[in-house]
Protein chains: 2
Amino acid sequence: MRTPPSLVSLAIDSALAQLSNISDLSFLPDHILIDLFLSQWSILKFEYLSGENSAGEAPCGIFKLPVEGFLKRTLRAGKLTEKILKLFIATGKEEVLSHIEALNIQLVLTPVLPTSKKNLSMSQIIDDNDVDIVIGALHSDLTPFLDEWRPVFSRFHLIIVKDPDLKDELKIPGGFNLHVYTKSDIDKAVGSASSASLFSGYSCRYFGYLISQKKYVVSIDDDCVPARDNNGGLIDAVAQHISNLTTPATPFFFNTLYDPFCKGADFVRGYPFSLRNGVTCALSCGLWLNLADYDAPTQALKPGQRNSRYVDAVLTVPARTMLPVSGINIGFNREVVGPALLPALRLAKEGKFRWETVEDIWSGMCVKVVCDHLGVGVKSGLPYVWRKERGDAIESLKKEWEGVKLMEDVVPFFQSVRLSQAAVTPEDCVIEMAAAVKERLGPVHPVFARAAEAMVEWVKLWKVVRTRLSP
Amino acid sequence: MRTPPSLVSLAIDSALAQLSNISDLSFLPDHILIDLFLSQWSILKFEYLSGENSAGEAPCGIFKLPVEGFLKRTLRAGKLTEKILKLFIATGKEEVLSHIEALNIQLVLTPVLPTSKKNLSMSQIIDDNDVDIVIGALHSDLTPFLDEWRPVFSRFHLIIVKDPDLKDELKIPGGFNLHVYTKSDIDKAVGSASSASLFSGYSCRYFGYLISQKKYVVSIDDDCVPARDNNGGLIDAVAQHISNLTTPATPFFFNTLYDPFCKGADFVRGYPFSLRNGVTCALSCGLWLNLADYDAPTQALKPGQRNSRYVDAVLTVPARTMLPVSGINIGFNREVVGPALLPALRLAKEGKFRWETVEDIWSGMCVKVVCDHLGVGVKSGLPYVWRKERGDAIESLKKEWEGVKLMEDVVPFFQSVRLSQAAVTPEDCVIEMAAAVKERLGPVHPVFARAAEAMVEWVKLWKVVRTRLSP
């Protein structure tokens, strides 16, 4: 129930009618400006929230032309103050938002206005051509895998990289837009010495990351199929990764209702408004139903354990918090952090099962340190994929034990490593980190010295290949 | 499928038969010890995991008497090495675990053995007498509230604290074991000056925290009723808080499958074994379905928004990550962090709606800093409660605006404040923090100077009351 109109509210009503003629609102005291905004919302919010406005428009019908014209004129006159910008962001009007985005206007201050996340997701529309699906083929018959993923993958370009150790011909069903890369392609691109040491086994997918020319990369292991949500619906893992990557991450304060940019969620009471814009999300780490990504000892100890808990959430992993990134099901913004996803830590007895590898764990901590340093975010949670059974964990134990032990040195290292202000690109960051690995972990175990070398080699390779691929 | 027995495995089988006669296993090389352990598990695991052992025993049938006797003798002889302790913890045998707990043996090293969380939860059985339910009564008629909570609350002792500003008599239904505290009780305990300034409105619950003599406190707002999970089952919020508090927290590394101590979950690949024991969980922050805990601007902007997303997860909020703790639905270990939950930040125009307060947000950041300093953990997630409708957020906006603005200073302060090594109790921590608040935030706004004073006053009060209550 609203109170009867006050003098102020009547003045505001009058101001609203004149909005198209006002070229600067900054002379208004804060509380009037806020009242102006809220009065408007209190009239229109029901239409907005009840979804009656079926066109999906933000509830700005009466602002429609004036606001847009006003914004253009204000920008031309150089009079766009922080207050006015916030006012316009708060309108939630798609056209306005796209102008703000097109002009690359950033709000770097403390906007004391509620979020209207509708804008943030609607202003980010992904072109299928912005996405590469990278599949590392560790099995020769990809038919069942690709047939299961067909409804999700067929819109996108696929990069299939055949494990150089795999001898059989790949079997690939028709109907996909894809490129297949084999050992000879890898050798041609990077030389046969590098190909064997960098790209064998699960690491073959990194070759796909290297040659992708798209903004976003999504990569899923070839023993996973689409999962279903609690309502039985097929999960479009690619759409969810892209949604995670195109909505902001919030690494500097924890939101108890998880990702505030998910539908139906928001920032909770106490969340600073200055942090509600968030930052670019660079990495999206998905999860697994059925066979979870446990290490060999856990898998051996609990061979019957299956993950059936569908947790309907995405969250930003806070800054300076390390996590074990699994390579099974990830998406990332290649333009922002591509060079930081790298094949570096290879166990002496590394095999062809996930639990016999730690390459992705190492790569994940590298990329998390890089994200923290560059001020971008990492999300974890949805989407799930369904992991199928294979391998005998007990047989893997002797190999994996080494990886498990290495973590005791790896984690404290990445928790404490800090990069210099001079490192402003992911390539810079990786080179600095490689030096720190060599210095601090090199003496601990030879596998770390080799990892440091591989990181340096990777950045060289990245630069060469990027130069070659650039138009 | 197991491979045929090797010489080692035959030797192990023989060793197992002799276990009751072996007083020290530490002479065995690591890999034999581990094989010993794993061989045992590979025989018994199916019984364990398939649940065929309906008595709920850990799969230690053949260990049963020998192990227990062995542990006792080993302890008496002072020969309990780290390796043996790990071996015994890994057996998952309840009796053994309870001995280990009773003797307060702590594992502070790097146990390279898989988790067996069953033990950790089963070894922690809560006595109803360890729990106080603290309810701040802001409404005089508690009948509907208590009737709805009867199935959950009736086992426990209730402390009901009547808001000193509330004039009407409380209406309380029968059938509960409870104590009611009113303004005169508060005045008697702390003096009438303190009672008005510290314990009015939502802050009245802190009086309950002050006088509770139980290990655990659970507190839920009087406008909430039990929620239902995705399957329609009534959520026992108290049981979930106690489960969160009695299983370890893992603040030093993020587990992508959320709380590894939840049923069906575990630590994922790459999680360092040295961190899998976790630390004591001191605070459990629950969530809300229906009306979420948004601030007044968000609530005003989206009056129709309701939280219907039941996220079936609990997670540890990482160390050094701040979060907005809501006082609506929490549980905590009073013995570990009681004095750090305190009424300190009071807005000039603080009202009787949650979105008009920030006392809990402030208190929550205090307790998070204390937890990080003391090396204990904070969890967030389950349980949910169902928040009912009340209040007009738009009317609250003028009051709340102040709180929203204060967060811009509050959050950076708590993110950066560090306590000295001399602070070893929560009381010490609060006193140090109060000094930092006075110095760094005092000049910013008078409300912070008052908060610093209230923190000092609270610790004095805590000490006086604890001394008076101690047997």
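Among the residues of segment A:269-278, which ones are surrounded by fewer than 24 Cβ atoms within 10 Å (Cβ to Cβ) and facing chain B (nearest Cβ under 7 Å)?
A:272, A:273, A:274
Yes/no matrix, rows are residues, columns are (1) more than 14 Å from chain A (Cβ to nearest Cβ); (2) more than 15 Å from residue B:217 (Cα to Cα); (3) touching a residue at least 40 places away in the same chain (Cβ under 8 Å):
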| position | (1), (2), (3) |
| --- | --- |
| B:317 | no, yes, yes |
| B:324 | no, yes, yes |
| B:338 | yes, no, yes |
| B:341 | yes, no, yes |
| B:346 | yes, yes, yes |
| B:355 | no, yes, yes |
| B:359 | no, yes, yes |
| B:366 | no, yes, yes |
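Going by what's in this entry, would residue B:419 be described as more than 22 Å from residue B:347 (Cβ to Cβ) and in contact with a Cys (Cβ under 6 Å, 6 or more places away or on another chain)?
Numbers: more than 22 Å from residue B:347 (Cβ to Cβ): yes; in contact with a Cys (Cβ under 6 Å, 6 or more places away or on another chain): yes.
Yes: the conditions hold for residue B:419.
Within segment A:319-355, count every residue that is of a type outside the set (S, T, N, Q) and part of a strand (DSSP E or B). Even if it seems obvious, please write down each step before you answer.
Residues of segment A:319-355 of a type outside the set (S, T, N, Q): A:319-320, A:322-325, A:327-328, A:330-332, A:334-355.
Then keep just the ones that are part of a strand (DSSP E or B); that gives A:330-332.
Number satisfying all stated conditions: 3.
Can you tell me which residue among B:397, B:342 is buried (at least 24 other Cβ atoms within 10 Å of the Cβ) and among the hydrophobic types (A, V, I, L, M, F, W, C)?
Working: B:397 fails: buried (at least 24 other Cβ atoms within 10 Å of the Cβ).
Of the residues listed, the single one that is buried (at least 24 other Cβ atoms within 10 Å of the Cβ) and among the hydrophobic types (A, V, I, L, M, F, W, C) is B:342.
Tell me, please, whether a residue that is under 28 Å from the mean Cα position of the chain (by Cα), touching a residue at least 24 places away in the same chain (Cβ under 8 Å) and in a helix (DSSP H, G or I) can be found in segment A:390-404.
Yes: one or more hits.
Just to check your reading of the model, which residue among A:454, A:423 is part of a loop (DSSP other than H, G, I, E, B) and at pLDDT 95 or above?
Values: A:454 fails: part of a loop (DSSP other than H, G, I, E, B).
Within the list A:454, A:423, the selection yields A:423.
Considering only residues that are on the phi < 0 side of the Ramachandran plot, of a type outside the set (Gly, Ala, Ser) and either more than 8 Å from chain B (Cβ to nearest Cβ) or surrounded by fewer than 24 Cβ atoms within 10 Å (Cβ to Cβ) (or both), which ones fall in segment A:284-310?
A:288, A:289, A:291, A:299, A:302, A:303, A:305, A:306, A:307, A:309, A:310
Take segment A:160-179 and flag every residue that is surrounded by fewer than 22 Cβ atoms within 10 Å (Cβ to Cβ) and within 25 Å of the chain's Cα centre (by Cα).
Across segment A:160-179, the qualifying residues are A:176, A:177, A:178, A:179.
Would you confirm, using the coordinates I've provided, whether residue B:257 is within 14 Å of chain A (Cβ to nearest Cβ), of a type in the set (A, V, I, L, M) and closer than 21 Å to residue B:321 by Cα? Give the derivation first.
Working: within 14 Å of chain A (Cβ to nearest Cβ): yes; of a type in the set (A, V, I, L, M): yes; closer than 21 Å to residue B:321 by Cα: yes.
Answer is yes for this residue.
Table: residues versus (1) buried (at least 21 other Cβ atoms within 10 Å of the Cβ); (2) of a type in the set (D, E, K, R).
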| site | (1), (2) |
| --- | --- |
| B:194 | no, no |
| B:199 | yes, no |
| B:215 | no, yes |
| B:231 | no, no |
| B:239 | no, no |
| B:243 | yes, no |
| B:257 | yes, no |
| B:267 | yes, no |
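For segment A:368-423, give me the residue count where each residue is small (Gly, Ala, Ser) and within 30 Å of residue A:234 (Cβ to Cβ).
Initial filter on segment A:368-423 (small (Gly, Ala, Ser)): A:375, A:377, A:380-381, A:391, A:393, A:396, A:403, A:416, A:420, A:422-423.
The next check asks that each one be within 30 Å of residue A:234 (Cβ to Cβ); those that pass are A:377, A:380-381, A:391, A:393.
Of the residues in segment A:368-423, 5 are small (Gly, Ala, Ser) and within 30 Å of residue A:234 (Cβ to Cβ).
Could you say which residue among A:403, A:381 is open to solvent by less than 60 Å² (accessible area, probe 1.4 Å), farther than 21 Å from residue A:282 by Cβ and of a type in the set (Gly, Ala, Ser)? Walk me through how you get there before you give the answer.
Details: A:381 fails: farther than 21 Å from residue A:282 by Cβ.
Matching residue, one of A:403, A:381: A:403.
Are any residues in segment A:196-228 in contact with a Pro (Cβ under 8 Å, 6 or more places away or on another chain) and closer than 18 Å to residue A:339 by Cα, and if so, which ones?
Hits for segment A:196-228 are A:198, A:199, A:203, A:204, A:206.
Which one of the conditions (1) touching a strand residue (DSSP E or B) at 6+ places or on another chain (Cβ under 9 Å); (2) under 21 Å from residue A:405 (Cα atoms); (3) buried (at least 22 other Cβ atoms within 10 Å of the Cβ) does residue B:281 fail to meet, given that it meets all the rest?
It is condition (2) that residue B:281 fails.
Being closer than 16 Å to residue B:282 by Cα, open to solvent by 10 Å² or more (accessible area, probe 1.4 Å) and within 14 Å of chain A (Cβ to nearest Cβ) is true for just one of B:372, B:409, B:392. Which residue is that? Write out each step before concluding.
On the way: B:409 fails: closer than 16 Å to residue B:282 by Cα; B:392 fails: closer than 16 Å to residue B:282 by Cα.
Unique residue meeting the criteria: B:372.
Let's see how each residue does on (1) within 24 Å of the chain's Cα centre (by Cα); (2) buried (at least 20 other Cβ atoms within 10 Å of the Cβ); (3) in the same structural domain as residue A:374 (by TED's automatic domain parsing):
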position: A:415; (1), (2), (3): yes, no, no
position: A:424; (1), (2), (3): yes, no, no
position: A:430; (1), (2), (3): yes, yes, no
position: A:435; (1), (2), (3): no, no, no
position: A:443; (1), (2), (3): no, no, no
position: A:448; (1), (2), (3): no, yes, no
position: A:455; (1), (2), (3): yes, yes, no
position: A:466; (1), (2), (3): yes, no, no
position: A:470; (1), (2), (3): yes, no, no
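Working only within segment B:159-180, note down all residues that are in contact with a helix residue (DSSP H, G or I) (Cβ under 6 Å, 6 or more places away or on another chain) and either of a type outside the set (A, V, I, L, M, F, W, C) or free of Cβ contacts under 8 Å to residues at least 12 places away in the same chain (or both). Don't jump to the end; show me each part of the working.
Filtering segment B:159-180 down to residues in contact with a helix residue (DSSP H, G or I) (Cβ under 6 Å, 6 or more places away or on another chain) leaves B:159, B:161, B:163-164, B:171, B:173.
Residues satisfying the conditions are B:163, B:164, B:171, B:173.
The values are calculated or read from the model by the stated rules, or taken from the named source; none is laboratory data. What you see is a predicted model; the values in this text were computed from it and never measured. In this analysis, Cβ positions are derived from the backbone assuming ideal geometry, glycine residues included, and neighbour counts consider all displayed protein chains. What goes into the accessible areas is simple: the full protein's heavy atoms, side chains included, and nothing from ligands, DNA or RNA. Shrake-Rupley method; radii C 1.70, N 1.55, O 1.52, S 1.80 Å.
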